[in-house]
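Since the structure comes first, as structure tokens, the remarks are kept for the end.
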């Protein structure tokens, strides 16, 4: 296994000896990569140890700090088999703003870790673990409360919508959404946000922001989603759009005073 650097700064992906992609790319902070920012068990990004499972320590971490200073692609949870900068025997779960989905995340990471240890590629392990998570979510109290009567897509979306964060006169809306319901009913890997150009379950003219993202961190995610959406509307594919949006997000995480202005400009330029 090797790590290769893309043409853009600090963007890394893992490939096998034949050059095939075995895990998606990550935008790793340059200061962390050079050792200027280090992990400290008695400091950032660790908040508290939730539990230990055999040799694995499950940690609650400051997700906003990780995105700003270590890797912007970390959102709800991750572990070493996917994101190598996380220590080998640790699971990281971001401190959430609204919901407690910890049990799903731990089960998902255990399944991925077990399959990778048995020789599966991460991408295969991820796909199989997603099926396990989906099955577990189908048994959740949230799903039971929704009931069998909620079978129409527009009914689910009405419950997913929490409040409008931004609205443009021509109808484009940025919604704060119930992230747990999105993961229960539409996509278990929904994290951070998304928009109508990348997810077919999001209505036309909408951008969704996960309510697990803290209010202080939302503008960076909104900026990312808007920039990505604009590029995809122009015909760029998702990998390109995501990579460029991550670069923009990285810049404004280091220049946070100007992120509000950047969001307004991106909103005004949306198709």
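If you check 222, 209, which single one turns out to be buried (at least 16 other Cβ atoms within 10 Å of the Cβ) and closer than 24 Å to residue 102 by Cβ? So that I can check it myself, show each step before the final result.
Working: 222 fails: closer than 24 Å to residue 102 by Cβ.
Every option except 209 fails the conditions.
Residues being in a loop (DSSP other than H, G, I, E, B) and more than 15 Å from the chain's Cα centre (by Cα): count how many of those fall in the stretch 194-208.
The initial filter retains those residues of the stretch 194-208 that are in a loop (DSSP other than H, G, I, E, B), namely 196-205.
Applying the additional criterion that residues be more than 15 Å from the chain's Cα centre (by Cα) yields 196-197, 200-205.
Number satisfying all stated conditions: 8.
How about the stretch 153-199: which of its residues are surrounded by fewer than 15 Cβ atoms within 10 Å (Cβ to Cβ) and under 18 Å from residue 108 (Cβ atoms)?
189
Condition first: at pLDDT below 90, out of contact with any strand residue (DSSP E or B) (no Cβ under 9 Å at 6 or more places or on another chain) and either assigned by TED's automatic domain parsing to the domain that holds residue 182 or within 23 Å of residue 194 (Cβ to Cβ) (or both). Can you find one or more residues in the stretch 8-25 that meet it?
No, every residue in the stretch 8-25 fails to be at pLDDT below 90, out of contact with any strand residue (DSSP E or B) (no Cβ under 9 Å at 6 or more places or on another chain) and either assigned by TED's automatic domain parsing to the domain that holds residue 182 or within 23 Å of residue 194 (Cβ to Cβ) (or both).
Could you grab me the full set of residues in the stretch 87-100 that are under 23 Å from residue 132 (Cβ atoms) and surrounded by fewer than 23 Cβ atoms within 10 Å (Cβ to Cβ)?
Within the stretch 87-100, 88, 89, 90, 93, 96, 99, 100 meet the criteria.
Looking at the structure I just gave you, is residue 243 within 25 Å of residue 126 (Cβ to Cβ), assigned to a helix (DSSP H, G or I), modelled with pLDDT of 95 or more and touching a strand residue (DSSP E or B) at 6+ places or on another chain (Cβ under 8 Å)?
Numbers: within 25 Å of residue 126 (Cβ to Cβ): yes; assigned to a helix (DSSP H, G or I): yes; modelled with pLDDT of 95 or more: no; touching a strand residue (DSSP E or B) at 6+ places or on another chain (Cβ under 8 Å): yes.
It is false that residue 243 is within 25 Å of residue 126 (Cβ to Cβ), assigned to a helix (DSSP H, G or I), modelled with pLDDT of 95 or more and touching a strand residue (DSSP E or B) at 6+ places or on another chain (Cβ under 8 Å).
Only one of these conditions is not met by residue 38: (1) in contact (Cβ under 8 Å) with a residue 24 or more places away in the chain; (2) in a loop (DSSP other than H, G, I, E, B). Which number is it?
(1)
Residue 238 fails exactly one of the following numbered conditions: (1) touching a residue at least 40 places away in the same chain (Cβ under 8 Å); (2) out of contact with any strand residue (DSSP E or B) (no Cβ under 7 Å at 6 or more places or on another chain); (3) within 25 Å of residue 93 (Cα to Cα). What is the number of that condition?
(3)
Only one of these conditions is not met by residue 191: (1) modelled with pLDDT under 95; (2) in contact with a strand residue (DSSP E or B) (Cβ under 6 Å, 6 or more places away or on another chain); (3) not in a helix (DSSP H, G or I). Which number is it?
(2)
Whether any residue in the stretch 209-218 is assigned to a strand (DSSP E or B) and under 20 Å from the mean Cα position of the chain (by Cα) is what I want to check. Give the steps one after another, and end with the answer.
Pass one, the stretch 209-218, residues assigned to a strand (DSSP E or B): 209-210.
Now drop any that are not under 20 Å from the mean Cα position of the chain (by Cα), which leaves 209-210.
Yes, the stretch 209-218 has at least one match.
Can you find, within the stretch 71-84, the residue that is surrounded by the most Cβ atoms within 10 Å (Cβ to Cβ) among those that are touching a helix residue (DSSP H, G or I) at 6+ places or on another chain (Cβ under 7 Å) and over 22 Å from residue 194 (Cα atoms)?
Ranking the qualifying residues of the stretch 71-84, first place goes to 79.
Residues 129, 125, 120, 158: which one is farther than 23 Å from residue 65 by Cα, outside the structural domain of residue 47 (by TED's automatic domain parsing) and modelled with pLDDT of 90 or more?
Only one candidate qualifies: 158.
Filter the stretch 101-110 down to residues that are crowded, with 19+ Cβ neighbours inside 10 Å and either part of a helix (DSSP H, G or I) or outside the structural domain of residue 56 (by TED's automatic domain parsing) (or both), then give me how many there are. Don't jump to the end; show me each part of the working.
Narrowing the stretch 101-110 to residues crowded, with 19+ Cβ neighbours inside 10 Å: 101, 104-106, 108-109.
The next check asks that each one be either part of a helix (DSSP H, G or I) or outside the structural domain of residue 56 (by TED's automatic domain parsing) (or both); those that pass are 104-106, 108-109.
Selection size over the stretch 101-110: 5.
The values are calculated or read from the model by the stated rules, or taken from the named source; none is laboratory data. All figures in this text were calculated on a predicted structure; none of them were measured in a lab. Cβ atoms come from the backbone with ideal geometry, glycine included; neighbour counts cover every protein chain shown.
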